[in-house]
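A.B. asks: What follows is a structure written as structure tokens; I'll ask about it next.
The values are calculated or read from the model by the stated rules, or taken from the named source; none is laboratory data. None of these values were measured; they are calculated from a predicted model. Using ideal geometry, Cβ is built from the backbone for each residue, glycine included, and neighbour counts are taken over all protein chains shown. To get the accessible areas, we keep the full protein, side chains included, count just its heavy atoms, and leave off ligands, DNA and RNA. Shrake-Rupley method; radii C 1.70, N 1.55, O 1.52, S 1.80 Å.
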Amino acid sequence: MKTAGSEQNKLPQPLWLLAELTYACPLQCPYCSNPVEMVNVKNELSTGDWIRVMREARVMGATQLGFSGGEPLVRKDLEILIAEARQLGYYTNLITSGVGMDEKRVEAFKKAGLDHIQVSFQASSEELNNFIAGTDAFQHKLEMARSVKKHGYPMVLCFVLHRKNEDQIRDILELSINLEADYVELATTQYYGWAFHNREQLIPTRQQLEHAEKVAKEYQDKMKGKMRIFYVIPDYFEDRPKRCMDGWGKIFLTITPDGTALPCHAARQLPGLEFPNVRDRSVEWIWNDSPDFNKFRGLDWMKEPCRSCPEKEKDLGGCRCQAYMLTGDARNADPVCDKSPHHKELVELVERVGSLAGTPEFEAKPLVFRSMKNSKKIMKEKSAATV
């Protein structure tokens, strides 16, 4: 058996632990990266389970810990977990909508030793923000962003961009300036989970994208040294894939609410893989010895055109989940790559959406909002389709 740190074990050790504490959330964002099948995820890890996982991952070398969800604020033991993470020496980040937080809780997080809070917004306008979130959250988000700043945290804001709000990018950045943000992530929608289910309604047009890129660059220059703005072109509009998660099972370790361990947050959907659970196995065994964590490590798994591509060590074939969702085979080249035989199909999808966007018939198709009720409905429909 391989052991961490041995000469025989050349595997990198995890640096980033993402603790998805719960799939419960007061928001209903139709681009949520949580799995559409989330209704089937039950029996959340206990406080003791999470503390054990945090300790084991820290021994493995993990230094950064993200508390995510769903909405992590739903967990009543969040302050306990933050305090334990501080004792273990993690740099901790709370990824939150702000709904369920008040100034008293921000103070409690500070006392427990939380390093970083990222507050998400759905748009720059109250009307669109609340529509996308499925609840009247905008004013509370503004209050919580100011409270985070007041208590000495860096102001970190996240806006997920898509066709519904892409045209607001200038207003989004002006709002960020007014809130005295230190960091702004213009997070282009990644088409996993609910976003994949709603992708025709969310994919922006090329014109929107060109405008957004221009405005983002303008504000990056304007706010240089005052506010850092992160903007990345969406995968679907690229010709070369990104090195997904910096490589399968290389840096990132995700633990889902029920304890399933994943090399990335979307990997659960891949067929034929049975990811281990931290209730049954140690983090060390999972990272080093799990067959499915080793499935796409290295280069040996690659098919053509990746296998003979001179850039394969640069992008590692792109995203395995994206390859599966777009081609039906996780071993295929990511269709974002123009060397993929499936790239043309992706280009055609983007162009079709662009040509139809704005037409009454196309825009009339409703978004499917993230909820346990809709998750159950989708699962029922999928089950009926396979019979």
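A.B. asks: Taking Rh as the Kirkwood radius, which is the inverse of the mean 1/r over Cα pairs, what is the Rg/Rh value for segment 241-339?
C.D. replies: Checking Rg against Rh, the ratio lands at 0.97.
A.B. asks: Next up: Can you give the log10 of the normalised intensity I(q)/I(0) at q = 0.23 Å⁻¹, computed with Debye over equal Cα scatterers of segment 8-92?
C.D. replies: The computed values of log10 I(q)/I(0) come out as -1.13.
A.B. asks: Quick one, what does Rg over Rh come out to for segment 297-381 if you take C-alpha atoms and the Kirkwood Rh? Could the numbers behind the result be given before it?
C.D. replies: Details: Rg = 17.1 Å, Rh = 15.3 Å.
Over the Cα atoms of segment 297-381, Rg/Rh equals 1.11.
A.B. asks: With the contact rule set at Cα under 8 Å and sequence spacing of 6 or more, what percent relative contact order holds for segment 301-384?
C.D. replies: Dividing the mean separation by the residue count of segment 301-384 yields 17 percent.
A.B. asks: Once the whole set of protein chains is in place, how much accessible area is left on residue 285, using a 1.4 Å probe, in Å² to the nearest 10?
C.D. replies: 50 Å²
A.B. asks: Within the accessible area of segment 40-177, what % is carbon and sulfur when the probe is 1.4 Å and the other protein chains stay in place?
C.D. replies: 50 percent
A.B. asks: Still on this structure: Evaluate the Kirkwood expression for the hydrodynamic radius of the chain, namely the inverse of the mean inverse distance over all pairs of different C-alpha atoms, and round to one decimal in Å.
C.D. replies: Taking every pair of different Cα atoms in the chain, averaging 1/r and inverting gives 21.9 Å.
A.B. asks: A follow-up question, please. Below 8 Å between Cα atoms, with a sequence gap of 6+, how large is the relative contact order for segment 231-321 in percent?
C.D. replies: After rounding, I find 33 percent.
A.B. asks: Given a 1.4 Å probe and the protein chains all in place, what does the accessible area of residue 365 round to, in Å² to the nearest 10?
C.D. replies: Accessible area of residue 365: about 110 Å².
A.B. asks: Ordering 151, 211 from largest to smallest accessible area (1.4 angstrom probe), what's the sequence?
C.D. replies: The ranking, largest first, comes out as 211, 151.
A.B. asks: With a ≥ b ≥ c taken as the square roots of the eigenvalues of the C-alpha gyration tensor of segment 56-119, please select rounded if a/c is under 1.5 and otherwise prolate if a/b is larger than b/c or oblate if it is not? If you can, show how the numbers build up before the last one.
C.D. replies: Details: a/c = 2.07, a/b = 1.62, b/c = 1.27.
Verdict is prolate for segment 56-119.
A.B. asks: So if I take the centroid of the Cα atoms in segment 145-183 and the same for segment 229-280, what is the distance between those two points in Å?
C.D. replies: 26 Å
A.B. asks: Are there any trypsin sites (Lys or Arg not before Pro) in segment 14-69 that are in a DSSP loop and have at most 14 other Cβ atoms within 10 Å? List them by number.
C.D. replies: 42
A.B. asks: Could you state the number of Å between the C-alpha centres of segment 317-355 and segment 284-311?
C.D. replies: 19 Å
A.B. asks: How much accessible area per residue does the chain have, in Å², with a 1.4 Å probe?
C.D. replies: Ligands and nucleic acids excluded, the figure is 45 Å² per residue.
A.B. asks: For 183, 231, 324, 90, give the ranking by accessible area with the largest first, probe 1.4 Å. Intermediate results must be reported in sequence, preceding the final value.
C.D. replies: Details: 183 85, 231 40, 324 65, 90 10 Å².
Greatest to least solvent exposure: 183, 324, 231, 90.
A.B. asks: May I pose another question? May I ask you to derive the relative contact order of segment 240-387, considering only C-alpha pairs under 8 Å and at least 6 residues apart, and to give it as an integer percent?
C.D. replies: Computed over segment 240-387, the figure is 19 percent.
A.B. asks: By the gyration tensor of its Cα atoms, with a ≥ b ≥ c the square roots of the eigenvalues, what is the shape of segment 36-185: rounded for a/c under 1.5, prolate for a/b over b/c, or oblate?
C.D. replies: Taking the square roots of the gyration eigenvalues as a ≥ b ≥ c, segment 36-185 is prolate.
A.B. asks: How about segment 168-249: which trypsin sites (Lys or Arg not before Pro) there lie in a loop by DSSP and see at most 16 other Cβ atoms within 10 Å? It would help to have the intermediate numbers written out before the result.
C.D. replies: On the way: sites: 170, 199, 206, 214, 217, 222, 224, 226, 228, 242, 243; in loops: 224, 226, 242, 243.
Counting only loop positions with at most 16 other Cβ atoms within 10 Å, the trypsin sites (Lys or Arg not before Pro) in segment 168-249 are 224, 226, 243.
A.B. asks: Given a 1.4 Å probe and every protein chain left where it sits, what share in percent of the accessible area of segment 245-387 is carbon and sulfur?
C.D. replies: Answer for segment 245-387 is 54 percent, counting heavy atoms of protein chains only.
A.B. asks: Which value in deg cm²/dmol, rounded to the nearest 500, describes the helix-derived mean residue ellipticity at 222 nm for the chain, given -39,500 (n - 2.57) per DSSP H run of n ≥ 4 and division by the residue count?
C.D. replies: Only helices count here, giving -11000 deg cm²/dmol.
A.B. asks: If Rh is defined by the Kirkwood formula over all Cα pairs and Rg also comes from Cα, what ratio Rg/Rh do you get for segment 147-230?
C.D. replies: 1.02
A.B. asks: Please report the accessible area of residue 102 (heavy atoms, 1.4 Å probe, ligands and nucleic acids excluded) in Å², nearest 10.
C.D. replies: In the full protein context, residue 102 sits at about 80 Å².
A.B. asks: How far apart, in nm, are the 7 Å Cα→Cβ label points at residue 226 and residue 309?
C.D. replies: Spacing of the two 7 Å Cα→Cβ label points: 4.1 nm.
A.B. asks: Show 274, 166 ordered by accessible area, largest first, where the area counts protein heavy atoms only and the probe is 1.4 Å.
C.D. replies: Working: 274 155, 166 0 Å².
Descending order: 274, 166.
A.B. asks: Among 16, 202, 192, which residue has its Cα positioned farthest towards the positive end of the charge dipole of the chain, with +1 placed on the Cβ of Lys and Arg, -1 on the Cβ of Asp and Glu, and the dipole taken about the Cα centre?
C.D. replies: Going by the Cα projections, it comes out as 16.
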